[in-house]
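Input: a single structure, listed below in C-alpha cells.
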Amino acid sequence: MLTILHGNLLHAPAFGTLETIPHGYLVLEDGVVRGLFPVLPEAYAGCPVTDYGESLIMPSFADLHLHAPQYVMMGMGMDLPLLEWLDAYTFRTEARFEDTAYARRVYRQLASDLIASGTTRVSMFSSRHTDATLVLMEELERAGVTGYVGKVNMDRNAGLSQETTEESVSETLRWLEACRFAHIRPILTPRFIPSCTDGLLEALGELARERDLPVQSHLSENQGEIALVARLHPDCAHYWEGYRKFGLWKEGTLMAHCVHSGEAEQEAMAESGVWAVHCAASNVNLCSGTAPVRRLLERGVRVALGSDIAGGDQLAMNRVIAASIRASKVRQMETGEAFLTVPEAYYLGSTAGHAYFGGGGFATGQPLHAIVVDDGEMPRPVRELRLEERFERAVYLMEKRHIRAVYSEGRKVLDRR
Ligand code: GUN
Ligand code: FE
C-alpha cells in the first residue's frame, strides 16, 4: 500500500549534513521509504496524501542507552559519584521490580512516554528480574517501540539487586527462551565489569558467541569505577580488555559513556566495531566528565546517544541532544575540541542510532521512523524563520505537545490530529 506524507522534510543523512525539502513529499510503500521528493512524481498522482501542512517531518529519535527501572527515580538523587550513587539509590530502586504488577504499571507509562517523546528505537537495560524484563518487552512492543532490551546480569557488588552466578546464567537462559517479540529483541547485558564475576562474564561471552547475540554494557564512565576495574583485573592494562577477555568485545557491542577512554581504548573500539553511546546529561549530573565525542568520531568509532535515565534526568532525546551540545561546548572551553553543531548532534541522536539497527529514519528501502512536529505554538519569531532555524529551535524547545504524529517501523503509532 502506498502512503504519501506531505510537509517540511528535514533529515541528517550524514554527520554534519542537514537536508531540507520545504513542502516535500515522503513516499512509503507498506511503511518502507521509497523516496523524498520536492514535487510529487507523476507516477504517484492520485494517491492519497496525508497533509501535515507547515509541520516539520523528521526522523524519530534513537536512545541507545537507558535503564527502564530507573524511570521512577528520574530527576532525583544525582548528588553522588557513580559507585556511591549506585549503592545509595539505584540498586534499591531496581530491587522493587521483583514485583511484576509494579513493573507493568511503570513500564506501560515508560513505553507511552517514549513514543510521545518521539523515541522509536532503544537499547535498554532492564533490572535483573526475568519476569519484569518480559513485561518491559511486552509493553514496549505494545506501544510501538522497537530495538533491544537486556535482562541485567550482576552477581557481585550489586547490593540488594545481586544474583548468584548460577541464577544469573539460568535466568538468562529462561529469559532468552521466552523472548518472542516482533520488534523487541534480546541483548546480553552484563551491567559492568565491577558487578560481574569472571565466571559470569565467561558464561555470557560463550552465550554471545554460540547464539550470535549482541552485547551492551558500560565503559570508562568514572574514575572511581576505572580504579575498581583495575583492582579487579590487574592483568588488564585498560578497562576494555576486561570485556575482550571474555568474548564480549565484538562488532556491534554497545558501550555507554567512554568518558575517560584514552587513545588505546578508542583505537580498540574503532578496530573491533564497538559503538560508543554518549550520555552527556548523565555525565554532567554524576560529575563523570565530558566525553571526547569528536575524537572518537575522528578515530572512526561509531557513536550514538543515550538518555541514560536516571543518571540522565530527561527521557526526551531532543533534550539529550541539546545536553550533548552543551557538554561539548564545556569541553571546547576546557580542551579546545570543537563543539557539536545542532545537525551533528541530531545525527548522533537519530540517524546514527537507526543505522545501528541497519538503517531507518528516512533511509530509502527501510521502514520509516519519523516524527511530525508542529512548532506553530512556539514563541512567535520577529521574522519568518528558515527551515534550518525552525529545526534548531525544535531541537531545543520541542515538548511532547508539539509532536503530532510518530511513525515507528513503518507504522503510525501516535496520531494527535
Ligand atoms: N554503571 C553501572 N550501572 C550503571 C547505571 O545504572 N547507570 C550508570 N550511569 N552507570 C552505571
Ligand atoms: Fe547506564
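Read the figures in this text as sums done on the coordinates, not as results from a lab. Please read all numbers here as calculations on a predicted model, not as lab measurements. Using ideal geometry, Cβ is built from the backbone for each residue, glycine included, and neighbour counts are taken over all protein chains shown.
For this structure, a couple of remarks:
- Ascending count of other beta-carbon atoms within 10 Å, so fewest first, for His260, His129: His260, His129
- Here's the list of aspartates and glutamates a cross-link from Lys412 could span, going by alpha-carbon distance under 16 Å and ignoring same-chain residues fewer than 8 apart: Glu29, Asp30, Asp51, Asp113, Glu141.
- Cut-off under 5 Å, modelled amide H: who pairs with Arg185 long-range: Gly147, Tyr148, Val149
- Qualifying trypsin sites (Lys or Arg not before Pro) in region 177-241, where qualification requires a DSSP coil assignment and no more than 13 other C-beta atoms within 10 Å, comprise Arg180.
- Relative compactness, the chain, computed as alpha-carbon Rg over 2.2 N^0.38 Å: 0.96
- Derived scalar couplings between HN and Hα for region 363-368 equal 4, 4, x, 10, x, 6 Hz in order, rounded to whole Hz, by the Karplus curve 6.51 cos²θ - 1.76 cosθ + 1.60 (θ = phi - 60°), x for Gly and Pro.
- Each stretch of four or more DSSP H residues adds -39500 (n - 2.57); spread over every residue of the chain, this sum gives -10500 deg cm²/dmol at 222 nm.
- Of Gly376, Gly300, Gly150, the one that fluctuates the most in a GNM where the chain has Cα springs shorter than 10 Å: Gly376
- Relative contact order of region 61-356, pairs being alpha-carbon contacts under 8 Å that are 6 or more residues apart, as %: 20
- Listing Asp313, Asp308, Asp79 from fewest to most neighbouring C-beta atoms within 10 Å gives Asp79, Asp313, Asp308.
- With both labels modelled 7 Å from their Cα along Cα-to-Cβ, the Thr341 to Ala101 distance reads 5.5 nm.
- Each Lys and Arg Cβ is given +1 and each Asp and Glu Cβ -1; about its Cα centre, the chain then shows a dipole of about 840 debye.
- Rg in Å to one decimal, and Dmax rounded to a whole Å, for region 57-170 via C-alpha atoms: 14.4, 49
- This ranking places Ser217, Ser328, Ser112 by how few other beta-carbon atoms lie within 10 Å of each, fewest first, which gives Ser112, Ser328, Ser217.
- Relative contact order %, region 125-213, counting alpha carbon pairs below 8 Å whose residues are six or more apart: 33
- DSSP beta bridges fully contained in region 61-356 are about 0 percent antiparallel.
- Of Val382, Val215, Val145, the one that fluctuates the most in a GNM where the chain has Cα springs shorter than 10 Å: Val382
- The H on the amide N of Met74, modeled in the peptide plane, is under 5 Å from the matching H of no residue at least 5 residues off or on a different chain.
- Cα-based shape type of region 253-375, given that a ≥ b ≥ c are square roots of the gyration tensor eigenvalues and the cut on a/c is 1.5: oblate
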